[in-house]
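In what follows, a structure is listed as structure tokens, so that the remarks can point back to it.
The values are calculated or read from the model by the stated rules, or taken from the named source; none is laboratory data. The model shown is predicted, which means the values in this text are computed figures rather than measured ones. Positions of Cβ are backbone-derived with ideal geometry, glycine not excepted, and every protein chain shown enters the neighbour counts. Areas reflect the complete protein model, heavy atoms only, side chains present, ligands, DNA and RNA absent. Shrake-Rupley method; radii C 1.70, N 1.55, O 1.52, S 1.80 Å.
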Amino acid sequence: MENTVRKHAIVYFSSLLLVLSLDLLTKSIASSYISPYEKVSILPFLHLVMVYNTGAAFGILSGSTGIIRVILLLVVPIVAVIITFAYAVKEKKGIESTLMGMIGGGALGNLYDRLFLGYVRDFIYLQYGRLSWPAFNLADASISVAVFVFLILHYLPGLLGSKRKTSGRD
């Protein structure tokens, strides 16, 4: 039992550290080479643009002040790391430990920016014609992908070709 918990803790923290490292590295590179609000087109729909986000995901709460903003922007990421770690070691499934680590790493990546810079560096911008998505970063993408895969695993297990076992542990 102890080895299983340790194994999933290692998987969780490996995933978390990988996402955190890549997120901070890509933000650093982007902020070094892209001027604020400069748009660099990579593909017809993929652009790089440096945006300093003082709010939550996709700019939510950027104009708000007060204790609610502090709680949402600083406390929630810490709580997310605690909950995702507890879930990873409780469930003892490799894919879920990885997904939870991705969420934790993304939460810490954006928390780092908020604590040390006062804003989050977003630089990936999807736009095609009149359709666009707010700028985001690797932390945001990691959280979104992990939540999406987690939901598929839990609510649509047949899509991946296997039935989800509720009592089995690996």
Please go through the stretch 1-38 and give me each residue that is over 19 Å from the mean Cα position of the chain (by Cα) and of a type in the set (D, E, K, R), ordered by number.
E2, R6, K7, E38
Of all the residues that make up the stretch 1-44, how many are closer than 18 Å to L111 by Cα, of a type in the set (S, T, N, Q) and open to solvent by 50 Å² or more (accessible area, probe 1.4 Å)?
2
So, first residue in contact (Cβ under 8 Å) with a residue 12 or more places away in the chain in the stretch 117-134, second residue open to solvent by less than 50 Å² (accessible area, probe 1.4 Å) and aromatic (F, W, Y), Cβ within less than 7 Å, six or more apart or across chains; the pairs are D122/F136; I124/F136
Count of the stretch 67-95 residues which are farther than 22 Å from N137 by Cα and either of a type in the set (D, E) or touching a residue at least 60 places away in the same chain (Cβ under 8 Å) (or both):
7
